[in-house]
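What follows is a short report on a single structure.
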Amino acid sequence: MANIKSAKKRVKVIANKTAANRRVKGHLKAIVKNFEKAIAEGDLNTAAEKLALAEKKLKQAAAKGVIHKNAASRKVSRMAKRFNKAQAE
């Protein structure tokens with residue numbers, strides 16, 4: 001455990017940031033899961049809304065540094081690909 005006052009504070013700050021990042025990641029997983037569920041049910045209108053929301057939230061998370069920019073882009077790309085494939089059917 002840290003002995004210096006500033007190091008003790010950093011431990012607390014890092015714990016708070018870790019908790020916040022975990023909440024954001026959990027929220028992202030739920031949003032992506034909702035999109036997948038809409039695609040599986042064949043509800044393209046809902047899927048389109050979920051895709052737009054997911055893209056927005058993923059890009060926000062990437063901008064805040066919660067996830068990597070390329071990871072966000074990759075997820076959005078794959079979701080859009082699935083949506084377009086479902087639309088074509």
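Details
- Any pair with Cβ under 9 angstrom, 6 or more apart, that starts in region 13-37 at a residue that is more than 21 Å from Arg82 (Cα to Cα) and ends at one that is of a type outside the set (Lys, Arg) and loosely packed, with under 10 Cβ neighbours inside 10 Å: none
- Filtered by the rule that a residue be under 19 Å from Arg74 (Cα atoms), open to solvent by 80 Å² or more (accessible area, probe 1.4 Å) and out of contact with any helix residue (DSSP H, G or I) (no Cβ under 9 Å at 6 or more places or on another chain), region 15-33 gives Lys29, Lys33.
- The residues in region 34-44 that are loosely packed, with under 12 Cβ neighbours inside 10 Å and either among the small types (Gly, Ala, Ser) or at pLDDT 95 or above (or both) can be counted, and the count is 2.
- Residue match in region 52-59 (condition: over 30 Å from Ala86 (Cα atoms) and without any contact (Cβ under 8 Å) to a residue 24 or more places away in the chain): no
Residue-wise test of (1) in contact with a Leu (Cβ under 6 Å, 6 or more places away or on another chain); (2) surrounded by 11 or more Cβ atoms within 10 Å (Cβ to Cβ); (3) outside any helix (DSSP H, G or I).
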position: Asn3; (1), (2), (3): no, no, yes
position: Lys9; (1), (2), (3): no, yes, no
position: Val13; (1), (2), (3): no, no, no
position: Ala52; (1), (2), (3): no, yes, no
position: Ala62; (1), (2), (3): no, yes, no
position: Lys75; (1), (2), (3): yes, yes, no
position: Arg78; (1), (2), (3): no, yes, no
position: Phe83; (1), (2), (3): yes, yes, no
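- Hits in region 64-73 (condition: of a type in the set (A, V, I, L, M) and either surrounded by 14 or more Cβ atoms within 10 Å (Cβ to Cβ) or under 18 Å from Thr18 (Cα atoms) (or both)): Val66, Ile67, Ala72
The values are calculated or read from the model by the stated rules, or taken from the named source; none is laboratory data. For clarity, every value in this text was computed on a predicted model and none was experimentally measured. Quick reminder, even Gly has a Cβ in these numbers, built from the backbone with ideal geometry, and neighbours come from all protein chains shown. Heavy atoms of the whole protein, side chains included, go into the accessibility calculation; ligands, DNA and RNA do not. Shrake-Rupley method; radii C 1.70, N 1.55, O 1.52, S 1.80 Å.
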